[in-house]
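All remarks here apply to the structure that follows.
Where a number appears in this text, it was derived from the coordinates with a stated rule and is not lab data. Values in this document were obtained by computation on a predicted structure and should not be read as measured data. Quick reminder, even Gly has a Cβ in these numbers, built from the backbone with ideal geometry, and neighbours come from all protein chains shown.
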Amino acid sequence: MYAVGVSGSPRKNGNTSILVNEVLRFIDGEKRLISLADLDIHPCRDCGGCYEEDTGCVIDDDIPWVIRELEKCDVILLGSPCYFKSVSAQLKMLIDRTVSVYEMEPFRNKIGAAVVTQDVYGKGRGGELVLRTLIDFFNSEGMIYAGGVIGEGGAEMGNVRKDKRAMKEAKKVAKRINELYGKMNGR
């Protein structure tokens, strides 16, 4: 099994990356974390170039290689902080740019899981809406949803580690991914 976790946070080693890595830690097989914070990425321009050329997105940035990596893997783990009750701009750019390969259905029947970080309890919510956005993406791509986790961390780097419930849930999501992969591959 090859699992790719994408952290859509603008902070390279922030709470979202920590929680994505926590799920990856318990997934069997090869795994890779891609932090969108490290990359040169741009929004979809709705230019239609991906339809005319039939070669994928024509924007010259790092999104095409991220999409190629997602095409190669068996498991896609998408993580985002909650920004105004939605996914981060970085992750939204990746999601939108997958339109360049949508007709080819490269993510169909892959396992998908979601990781969301939000403010600490009582200081703002919205993680459920971010989770819903990610589930909708997985469904639109014909993926098999394995579950998700919402962690509370707030703006303080590393604070999500204090959310014991989320840390346990991350392990459960990984266990479900391993089970689904096994069932799908006759194990």
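Here are the numbers:
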| quantity | calculated |
| --- | --- |
| Candidate lysines - alpha carbon under 16 Å from Lys72, same-chain residues fewer than 8 apart omitted | Lys31, Lys110 |
| For segment 177-187, 3J(HN,Hα) per residue [Karplus equation, 6.51 cos²θ - 1.76 cosθ + 1.60, θ = phi - 60°, Hz, x = Gly/Pro] | 4, 4, 5, 4, 4, x, 5, 6, 10, x, 10 |
| Placed amide H near Val6: partners under 5 Å, 5+ positions off or other chain | Ile34, Leu77, Leu78, Gly79 |
| Globularity index of segment 66-187, i.e. its alpha-carbon radius of gyration over 2.2 N^0.38 Å | 1.09 |
| Calculated log₁₀ intensity ratio I(q)/I(0) where the Debye formula runs over C-alpha points of segment 1-115, q = 0.18, 0.20 Å⁻¹ | -0.90, -1.09 |
| Rounded to whole Hz, the Karplus (6.51, -1.76, 1.60) HN-Hα couplings of segment 87-96, x for glycine and proline | 5, 5, 4, 4, 5, 4, 4, 4, 4, 4 |
| Distance from segment 13-34 to segment 37-70 (C-alpha centre basis), Å | 24 Å |
| Sparsely packed trypsin sites (Lys or Arg not before Pro) within segment 31-122, loop by DSSP, other Cβ within 10 Å at most 16 | Arg45, Lys85, Arg108 |
| Loop chymotrypsin sites (Phe, Trp or Tyr not before Pro), segment 58-167, which have at most 15 other Cβ atoms in a 10 Å radius of their Cβ (DSSP) | Phe84, Tyr121 |
| Relative contact order for segment 2-184, counting Cα pairs under 8 Å that sit 6 or more residues apart, in percent | 26 percent |
| Likely footprinting exposure, Met143, Met167, fewest C-beta neighbours within 10 Å first | Met167, Met143 |
